[in-house]
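**Student:** One structure is given below, represented as structure tokens, and several questions about it will come after.
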Amino acid sequence: GTLARGKRRKVDASVPVPRPGVSLRSKRELEQLHVVLGLPGYPENFSERYALFVLNALLGGTLSSRLFQRIREERGLAYSVYSAVNAFRDVGLFLVYAAMSPSKGNEVIGLILEELRSVRDKGPDAAETAVAKEHLKGSLTLSLESTVSRMSNLARQEIYYGRQVSPAEMIRGIEAVTPERVHRLARRLFRSGGVGLAAVGRTGR
């Protein structure tokens, strides 16, 4: 409390522009094929960030998510598969990662794209939206038990929002998300032609 408040430094930098395309890195010594699909996302202070968190959770952010259940549990095609939101001050990414046998690469990528199109075209149902919201609220509550997690979160809020966001406010934001809001966001996020793919491993098979 005795520390003097410093001045916020203005950074003049151009906003990165994501480019769709395919990047392959062949490494024969790797047993698995590692794939990341990326789409242009939204910055940290995005107004619909709670809907984005719910979308991520139901698509690939939990063990009950669409990608995990369909690709790993039902078909046993990937050792690991999940989605993630990566947000910064002025730009963001939505990512899907999977690790699999090289011979299963095309099938797994096809299934990932199918799920992206499905949530874009049809939207989520009320039940999976509710499960995703409960997961997010539970994760938030558990994170409050970690001193490191709480302090990191407070610092990040000061950097991106210029204020501290209370757990109660975040829970209200999560609870206010509806399937319709998630569907509307998915239609914006999963546009055709904007996907970038990077693969590392035995890419020739």
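The values are calculated or read from the model by the stated rules, or taken from the named source; none is laboratory data. Note that the structure is a prediction, hence the values are computed from the model and not measured. Glycine also receives a Cβ, built like all others from the backbone with ideal geometry; neighbour counts cover every protein chain displayed. Keep in mind that these areas ignore ligands, DNA and RNA; they rest on the heavy atoms of the full protein, side chains included. Shrake-Rupley method; radii C 1.70, N 1.55, O 1.52, S 1.80 Å.
**Student:** Taking the solvent-accessible surface of protein heavy atoms with a 1.4 Å probe, what is the per residue accessible area of the range 71-205 in Å²?
**Tutor:** On the way: 7310 Å² over 135 residues.
With all protein chains present, the range 71-205 gives 54 Å² per residue.
**Student:** Still on this structure, please answer the following. Using a Förster distance of 25 angstrom, determine the FRET efficiency expected from the C-beta separation of residue 180 and residue 46, and round it to 0.05. Please list the in-between numbers first.
**Tutor:** On the way: r = 18 Å, r/R0 = 0.71.
E(calc), rounded to 0.05, equals 0.90.
**Student:** By how many degrees, between 0 and 90 and to the nearest 10, does the Cα long axis of helix 179-189 differ from the longest principal axis of the chain?
**Tutor:** That helix lies at roughly 70 degrees to the long axis.
**Student:** While we're looking at this one, here's another question. Can you list the HN-Hα couplings for the range 146-155, worked out from phi with the Karplus curve (6.51, -1.76, 1.60; θ = phi - 60°), rounded to whole Hz and with x for Gly and Pro?
**Tutor:** 9, 4, 4, 5, 5, 5, 5, 5, 5, 5
**Student:** Quick query: amide H of residue 178 versus all other amide H atoms, modeled in the peptide plane; which residues come in under 5 Å with a sequence gap of 5 or more or a different chain?
**Tutor:** Result for residue 178 returns nothing.
**Student:** List the residues whose amide H sits under 5 Å from the amide H of residue 80, counting only those 5 or more places along or on another chain, with H placed 1.01 Å from N in the peptide plane.
**Tutor:** Excluding prolines and chain starts, which carry no amide H, the hits are 99.
**Student:** Give a residue-ordered list of calculated ³J(HN,Hα) values for the range 60-66 (Karplus: 6.51 cos²θ - 1.76 cosθ + 1.60, θ = phi - 60°; whole Hz; x for Gly, Pro).
**Tutor:** x, x, 9, 6, 9, 6, 4
**Student:** Within the range 52-119, which chymotrypsin sites (Phe, Trp or Tyr not before Pro) sit in a loop by DSSP and count at most 15 neighbouring Cβ atoms inside 10 Å? Kindly include the intermediate steps, with their values, before the conclusion.
**Tutor:** Details: sites: 53, 68, 79, 82, 88, 94, 97; in loops: 88.
When the chymotrypsin sites (Phe, Trp or Tyr not before Pro) of the range 52-119 are filtered for loop state and at most 15 Cβ neighbours within 10 Å, 88 remain.
**Student:** Using label points projected 7 Å from each Cα along Cα→Cβ, tell me how many nm separate residue 4 and residue 73, to one decimal.
**Tutor:** For residue 4 paired with residue 73, the spin-label model returns 5.7 nm.
**Student:** Next up: With no solvent and one point on each alpha carbon, what is the Debye value of log10 I(q)/I(0) for the range 62-205 at q = 0.21 Å⁻¹?
**Tutor:** So the normalised log intensities work out to -1.41.
**Student:** Between residue 171 and residue 118, what's the calculated FRET efficiency when r is the beta-carbon distance and R0 is 35 Å? Round to 0.05. Walk me through the intermediate numbers first.
**Tutor:** On the way: r = 28 Å, r/R0 = 0.81.
Once the sixth-power term is evaluated, E becomes 0.80.
**Student:** Using amide H atoms built 1.01 Å from N in the peptide plane, name the residues 5+ places from residue 42, or on other chains, whose amide H lies under 5 Å from its own.
**Tutor:** Here 92, 93 satisfy the definition.
**Student:** Hey, rough spin-label estimate for residue 84 and residue 130, points 7 angstrom out along Cα→Cβ, what's it come to in nanometres?
**Tutor:** Result: 3.1 nm between the two label points.
**Student:** For the range 33-93, what number results from the quotient of the Cα radius of gyration and 2.2 N^0.38 Å?
**Tutor:** Details: Rg = 12.9 Å, N = 61, 2.2 N^0.38 = 10.5 Å.
With N residues counted in the range 33-93, Rg over 2.2 N^0.38 Å equals 1.23.
**Student:** In whole percent, how big is the carbon plus sulfur part of the accessible area of the chain, probe 1.4 Å, protein atoms only? Don't skip to the answer; put the middle values down first.
**Tutor:** Numbers: 6420 of 12160 Å².
Taking all protein chains in place, the chain shows 53 percent carbon and sulfur surface.
**Student:** Now a separate question. Enumerate the calculated ³J(HN,Hα) couplings along the range 117-125 in order (Karplus 6.51 cos²θ - 1.76 cosθ + 1.60, θ = phi - 60°), each rounded to whole Hz, writing x wherever the residue is Gly or Pro.
**Tutor:** Each residue's phi maps through the Karplus curve to give 5, 5, 6, 6, 7, 10, x, x, 8 Hz.
**Student:** Further question: Quick one: order 24, 136 from most to least accessible surface, probe 1.4 Å. Intermediate values should be presented prior to the final figure.
**Tutor:** Details: 24 105, 136 35 Å².
The residues order as 24, 136, largest area first.
**Student:** Are there trypsin sites (Lys or Arg not before Pro) in the range 1-39 that DSSP marks as loop and that have at most 16 other Cβ atoms within 10 Å, and which are they?
**Tutor:** Here the trypsin sites (Lys or Arg not before Pro) that fit, given the DSSP loop and packing criteria, are 5, 7, 8, 9, 10, 27, 28.
**Student:** Let me ask another. Could you list log10 I(q)/I(0) for the range 154-205 at q = 0.16, 0.21 Å⁻¹, which the Debye formula gives when each Cα is one point scatterer?
**Tutor:** Ignoring solvent entirely, the Cα scatterers give -0.80, -0.88.
**Student:** Turning to a different aspect of this structure: So if each residue of separation counts as 0.36 nm, and I subtract the Cα-Cα distance between residue 26 and residue 152, what length gain in nm does that give? Mind dumping the intermediate values first?
**Tutor:** On the way: separation 126, 0.36 × 126 = 45.36 nm, distance 3.66 nm.
Taking 0.36 nm per residue and subtracting the Cα distance, the gain is 41.7 nm.
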